[in-house]
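Chemist: Below is one structure. I have some questions about it.
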Amino acid sequence: MTPSTSSSQASPAVARPLHTTAKLQLPATLDSTATNFPKSHAKIENVKDTPYFIDNEFRASSAPDFIDLHDPATNHLVTRVPQMTDEEMKAAVLSAEKAYPAWKATSVIARQQIMFRFVALIRENWDRLAASITLEQGKTFADAKGDVLRGLQVAEAACAAPEFLKGEILEVAKDMETRSYREPLGVVAAICPFNFPAMIPLWCIPIATVTGNTLILKPSERDPGAAMILAELVRDAGFPPGVVNVIHGAHRAVNFILDEPAIKAISFVGGNKAGEYIFARGSANGKRVQANLGAKNHAAVLPDANRNHFVNSVVGAAFGAAGQRCMALSTLVTVGETSEWLGDVAESAKALSVNAGFEEGADLGPVISPESKARIEDIIASAEKEGATILLDGRGYKPAGYPDGNWVGPTIITGVTPEMRCYKEEIFGPVLVCLKADSLDDAIELINANPYGNGVAVFTRSGPTAETFRRNIQAGQVGINVPIPVPLPMFSFTGNKASVAGGGASTFYGRPGVNFYTQSKTVTALWKSDDAISKKADVSMPTHS
Ligand code: NAD
């Protein structure tokens, strides 16, 4: 990548002292553009605060507290994210409430036209969005482009809203028809995790808005840059002011959303601790809540599998994005003699380039924070203590030129059993834990005994084996020779068990996503044909047929 002079992210246009308590409501702009954005990990000299977004304007927060955001590859300060005041968050909700009636009344065809422009703008700003992700989240530039793409595809699918929103109609009795409508809910909110800074906001923005709702988006306080660029694109696509507002903060901002009566529904993606709390408190407050949570995704490999395809698949899916994907294939169950293939897996993993995300050829970047690195290393150490073997140890790795990043190299732990901490906890790092099973049935039983149920994969060349696995496995997203089976948006994201709150009744995107963001209404009407004004007298004998 070529270094650029532009190195900072979101910034208020007007200079002001940081961490002031003065009530500033100044218009601000973003520093980057579709063609001028950060392309290196160079230290940012003039660090700017991240603004919030209300009424289609960027504003500098007057919050007393800010969260420092560091580049995970260097730990240089990138920006400061405000813990917005209640007053500012309330103003965002009022703006969304004010925008709602006119947006609801806007025809779906007009909303679709705006969505077409939004899609085109995301494509135009694809590299800029990816660069923001690489800088703030740490994933490689190529992987960050995939993050944007998987969100862009949801926006593209949302362009089919006229089809999704068509109701049904049936004549249920003579002259009596029932028809169904899908109506928006009002003001809705989205609370996002750090690991997909573009994709998860884009699971929410397109479907929430195209169905006629107005949205309060809270990106992760750890990497809101991509969401801020998306806000600019929302404005430029022609969404009216207030249809999408972006607020910032951590737990207090979440509690504000949970307790704000004007917010009718909450979409949450993140870990189990926050998600279960948000589901319970949001539901108790009478809101509709959809919540996707953590995971421990297993792969079962059978001796008849294509060995090379399996090795490449598991290495990519376990260590890609430094294992910080909810669909990372973090747990391997070798059936029978396939435990002997682990040497190949380790060789392939060892060859991966662990480096800063803007560096050419990097396969995986750092993990999000020093705390996360310490926790991952602690879990690796616990496995050793509990009797497992560290086949490949990524602790202590540092790429040249980046001594201060949050590095953990690919790590493989073998001889793992279900009671060990490394098996029970979601590690969320580049660590593959390996267990053994004697047969397909044993592998299925072991995987089903795990509380999580996000994704699973089986590697085999046998159709009957794959079908047996598919029928009996409880995880909600099954890959057959496919390591990360995330469904495209014509389907829905169908995690299961502890990977979703509320039994997974409301899934993200696709038709279920449209259902989540809309209330169905049925209207039964009687228009008696006898009451029709006839131009001619009817002289025949009435039959009432
Ligand atoms: P997180 O739960 O720490 O944070 C998610 C959001 O919740 C953030 O916006 C944060 O501000 C807020 N939050 C965090 N703790 C909170 C608390 N105690 N009270 C109130 N709000 C709180 O998650 P993360 O670390 O940002 O993301 C990683 C997690 O997300 C992993 O567990 C991963 O599996 C999961 N994830 C799941 C999916 C899925 O679709 N199942 C997709 C992506 C990520």
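Readers should treat all values here as calculations from the given coordinates under stated rules, not as data from a laboratory. Everything numeric here is computed off the predicted structure, so don't read it as measured data. Positions of Cβ are generated from backbone atoms using ideal geometry, with glycine treated the same way; all protein chains shown enter the neighbour counts.
Chemist: Check which residues have an amide H placed less than 5 Å from ALA300's amide H, if you skip close sequence neighbours.
Modeler: VAL333, ALA457, VAL458, PHE459
Chemist: Put +1 on the Cβ of every Lys and Arg and -1 on every Asp and Glu Cβ in the chain; which of ALA351, VAL333, ILE114 then has its Cα farthest towards the positive end of the dipole?
Modeler: ILE114
Chemist: With the cut-off at 21 Å, report for segment 380-480 the share of all Cα pairs above it, as a whole percent.
Modeler: Summing the P(r) of segment 380-480 above 21 Å gives 46 percent of all pairs.
Chemist: Compute the distance from the alpha-carbon center of segment 134-153 to that of segment 273-312, in whole Å.
Modeler: Between the Cα centre of segment 134-153 and that of segment 273-312, the gap is 20 Å.
Chemist: If you wrap segment 48-120's Cα atoms in a convex hull and average its projection over all directions, what's the area in nm²?
Modeler: Averaged projected area of segment 48-120's Cα convex hull equals 7.0 nm².
Chemist: Related question: For segment 416-430, take each phi angle, set θ = phi - 60°, evaluate the Karplus expression 6.51 cos²θ - 1.76 cosθ + 1.60, and give the result in whole Hz per residue in order, putting x for glycine and proline.
Modeler: Each residue of segment 416-430 in turn: 7, 10, x, 7, 6, 4, 5, 8, 6, 9, 6, 7, 6, x, x Hz.
Chemist: Would you grab the residues whose amide H sits under 5 Å from the one on ASP49? Only those 5+ places off in sequence or on another chain, please, with H modelled 1.01 Å from N.
Modeler: ARG80
Chemist: Using +1 on the beta carbon of Lys and Arg, -1 on that of Asp and Glu, and nothing else charged, what's the dipole of segment 453-545 about the Cα centre, debye to 20?
Modeler: 200
Chemist: Longer than 32 Å from Cα to Cα, which of LYS145/LYS273; LYS166/LYS218; LYS48/LYS98; LYS145/LYS373; LYS166/LYS287; LYS43/LYS90 are they? Say none if no pair is.
Modeler: Listed pairs above 32 Å: LYS43/LYS90.
Chemist: Also: Using the 10 angstrom Cβ neighbour count as an exposure proxy, how do VAL243, VAL354 rank, fewest first?
Modeler: VAL354, VAL243
Chemist: Tell me, how many Å apart are the Cα centres for segment 369-406 and for segment 231-255?
Modeler: For segment 369-406 versus segment 231-255, the Cα centre distance is 37 Å.
Chemist: Work through the residues other than PHE66 whose Cβ is under 10 Å from its Cβ and net out their charges, Lys, Arg +1 and Asp, Glu -1.
Modeler: -3
Chemist: Okay, moving on. So who's got an amide H within less than 5 Å of the one on ASN56, skipping anything under 5 residues away but keeping other chains? H placed 1.01 Å off N, in plane.
Modeler: Amide H to amide H, under 5 Å and 5 or more residues apart or across chains, ASN56 pairs with GLY242.
Chemist: Hey, got the dipole for segment 297-442? About the Cα centre, +1 on K and R Cβ, -1 on D and E Cβ, debye to the nearest 20?
Modeler: Using Cβ point charges on Lys, Arg, Asp and Glu, segment 297-442 gives about 320 debye.
Chemist: Note down the relative contact order for segment 111-242 as a percent, whole number, built from C-alpha pairs under 8 angstrom at least six residues apart.
Modeler: Relative contact order of segment 111-242: 31 percent.
Chemist: What order do you get for 494-500, 383-389 when each peptide is scored by the mean count of other beta carbon atoms within 10 Å, highest first?
Modeler: 494-500, 383-389
Chemist: Check each of the trypsin sites (Lys or Arg not before Pro) in segment 149-232 and keep only those in coil by DSSP with at most 12 other C-beta atoms within 10 angstrom; list them in order.
Modeler: Counting only loop positions with at most 12 other Cβ atoms within 10 Å, the trypsin sites (Lys or Arg not before Pro) in segment 149-232 are LYS166, LYS174.
Chemist: I would also like to ask the following. For segment 330-336, what does the Karplus curve 6.51 cos²θ - 1.76 cosθ + 1.60, with θ = phi - 60°, yield as ³J(HN,Hα) per residue in whole Hz, taken in order and with x for Gly and Pro?
Modeler: With coefficients 6.51, -1.76 and 1.60, one gets 9, 9, 10, 10, 8, 9, x Hz.
Chemist: Report, in debye and to the nearest 20, how large the dipole of the chain comes out about its Cα centre when Lys and Arg carry +1 and Asp and Glu carry -1 on their Cβ.
Modeler: Magnitude of the dipole: close to 1200 debye.
Chemist: Give the distance, in whole Å, between the Cα centre of segment 485-545 and the Cα centre of segment 76-132.
Modeler: Taking the Cα centre of segment 76-132 as reference, the centre of segment 485-545 is 29 Å away.
Chemist: Could you work out how far helix 370-385 tilts from the main Cα principal axis of the chain, as a 0 to 90 degree angle to the nearest 10?
Modeler: Rounded to the nearest ten degrees, it is 60.
Chemist: Show me the chymotrypsin sites (Phe, Trp or Tyr not before Pro) within segment 453-545 that DSSP assigns to loop and that have at most 15 other Cβ atoms within 10 Å of their Cβ.
Modeler: For chymotrypsin sites (Phe, Trp or Tyr not before Pro) across segment 453-545 that sit outside H, G, I, E and B with at most 15 neighbouring Cβ atoms in 10 Å, the list reads PHE491, TRP527.
Chemist: Toward the positive end of the charge dipole of the chain, about the Cα centre and with charges on Cβ (Lys, Arg +1; Asp, Glu -1), which of ASN285, SER499, VAL416 goes farthest?
Modeler: ASN285
Chemist: In deg cm²/dmol, rounded to 500, what helix-only [θ] at 222 nm does the chain give when every DSSP H run of at least 4 residues adds -39500 (n - 2.57) and the total is split over its residues?
Modeler: So the calculated ellipticity at 222 nm is -10500 deg cm²/dmol.
Chemist: Related question: If you rank ASP127, ASP175 by fewest surrounding Cβ atoms within 10 Å, what's the result?
Modeler: Final ranking by Cβ density, sparse to dense: ASP175, ASP127.
Chemist: Could you tell me the calculated FRET efficiency between TYR397 and ALA262, based on Cβ-Cβ distance and R0 = 41 angstrom, to the nearest 0.05?
Modeler: 0.25
Chemist: Using a simple spin-label model with points 7 Å from Cα along the Cα→Cβ vector, what separation in nm is obtained for GLU97 and VAL539?
Modeler: 6.5
Chemist: Please go through segment 404-466 and write out the trypsin sites (Lys or Arg not before Pro) that DSSP classes as loop and that have at most 13 other C-beta atoms within 10 Å.
Modeler: Here the sparse-neighbourhood loop sites are ARG461.
Chemist: Work out the charge dipole of the chain with +1 on the Cβ of Lys and Arg and -1 on the Cβ of Asp and Glu about the Cα centre, then indicate which of ALA300, ILE473, VAL234 is farthest towards its positive end.
Modeler: VAL234
Chemist: Next up: Beyond 43 Å, what share of the Cα-Cα pairs of the chain is found? Please give it as a whole percent.
Modeler: Percent of Cα pairs beyond 43 Å in the chain: 23.
Chemist: Give me SER339, SER506 sorted ascending by neighbouring Cβ count inside 10 Å, so fewest comes first.
Modeler: SER339, SER506
Chemist: Additional query: At what distance in nm do the modelled label points of ALA284 and GLU386 sit from each other, each positioned 7 Å from its Cα along Cα→Cβ?
Modeler: About 3.2 nm separates the two model spin labels.
Chemist: If one takes the longest principal axis of the Cα atoms in the chain, at what angle in degrees, from 0 to 90 and to the nearest 10, does the Cα axis of helix 141-158 lie?
Modeler: Helix 141-158 and the main axis of the chain meet at about 20 degrees.
Chemist: Turning to a different aspect of this structure: Please compute the alpha carbon radius of gyration of segment 231-316, then divide it by the globular-protein estimate 2.2 N^0.38 Å. Two decimals is fine.
Modeler: Compactness ratio reported: 1.68.
Chemist: Tell me the label-point distance for the pair ASN36, ARG252, using the 7 Å Cα-to-Cβ offset, in nm and rounded to one decimal.
Modeler: For ASN36 paired with ARG252, the spin-label model returns 3.5 nm.
Chemist: When the Karplus curve 6.51 cos²θ - 1.76 cosθ + 1.60 is applied with θ = phi - 60°, which whole-Hz ³J(HN,Hα) does each residue of segment 115-129 get, with x for Gly and Pro?
Modeler: 5, 4, 5, 4, 4, 4, 5, 5, 4, 4, 9, 4, 5, 4, 4
Chemist: For helix 440-449, report the angle its Cα long axis makes with the longest principal axis of the Cα atoms of the chain; keep it between 0 and 90° and round to the nearest 10°.
Modeler: 70
Chemist: Follow-up question, since we're still on this one. May I ask you to order 472-481, 40-49 by the average number of other C-beta atoms within 10 Å around their residues, highest value first?
Modeler: Result, highest mean first: 472-481, 40-49.
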